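Input: a single structure, listed below in structure tokens.
The values are calculated or read from the model by the stated rules, or taken from the named source; none is laboratory data. Given the structure is predicted, the values throughout are model-derived calculations rather than measurements. Counting neighbours? That spans all protein chains shown, and the Cβs are built from the backbone with ideal geometry, glycine included. Keep in mind that these areas ignore ligands, DNA and RNA; they rest on the heavy atoms of the full protein, side chains included. Shrake-Rupley method; radii C 1.70, N 1.55, O 1.52, S 1.80 Å.
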Amino acid sequence: MSAPPTEPSRQPQRPRSSSRMVVAGLLAAVVAGGFGVHSLGGASDAGGGGSSTTPTALAGQGGDTSGGSLRTVVNHTRAHADLLGEMPMIAPERAADMLQFTSFDINQKNAILAALKRHEIVLAEMPLYDMGTGSSVVSVESMGLTQIVHLTGRPRTVVLPIRIAGEVTIRAVNDPGAAGLHAGAIFVPGPTPLPVLYKDGQLVIGVVVQ
């Protein structure tokens, strides 16, 4: 397997246990802030042509002010996520341009932009790369929207709609065989090898956007 790419401008990776503690603290802080969580709905098909279901924009300015919905997500993430990570936020003025590089259909892009305008979600970037064969395909789901991403040995930025904190689910599109799919992601601390993905398996990442 090839070594993860290096990014000189990023800080050295923190130990996994330390990262879990930091992100758990951030998740708790977000819950205290009273943000709500909703799904944009819909999913892109494998060719990026879109789903027959039009995504539903987030309803209501500010969502659930009690923070109960997000607290449920945080508790579920702590219990079920395979790992936790911090991701940088994409500036709102770059949102439309960045969405052009995704496999979301036009209705999904419009729903995301509308939710961004209402300050109900943010966009995060999560570069992914293939550490094995150098060529693989994964599906990445966030807030009920799925996009298909073709990975190589060079990091490819994946644009994620998210509400400050939540879960991202990654699956292998094709059967990676007995060896599995070896991928990596670049979080705020630096390049991080991801758990190996096998056929019909999935990887759940609990994320916080900063």
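Values for this structure:
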{"quantity": "Surrounding net charge for L181, when Lys and Arg each add one and Asp and Glu each subtract one, Cβ distance under 10 Å", "calculated": "0"}
{"quantity": "Sulfur and carbon atoms: percent of accessible area, the range 82-209 [1.4 Å]", "calculated": "54 percent"}
{"quantity": "Full-extension gain in nm, N107 to N174, via 0.36 nm per residue minus C-alpha separation", "calculated": "21.5 nm"}
{"quantity": "Convex hull projection area averaged over all views, the range 156-210, Cα basis, nm²", "calculated": "4.2 nm²"}
{"quantity": "Listed peptides 120-131, 196-207 by packing density, highest first (mean Cβ within 10 Å)", "calculated": "120-131, 196-207"}
{"quantity": "Range of Cα positions in the range 82-209 per principal axis (Å), largest first", "calculated": "45, 30, 23"}
{"quantity": "Accessible area per residue in Å² at 1.4 Å probe, computed on the range 82-209", "calculated": "38 Å²"}
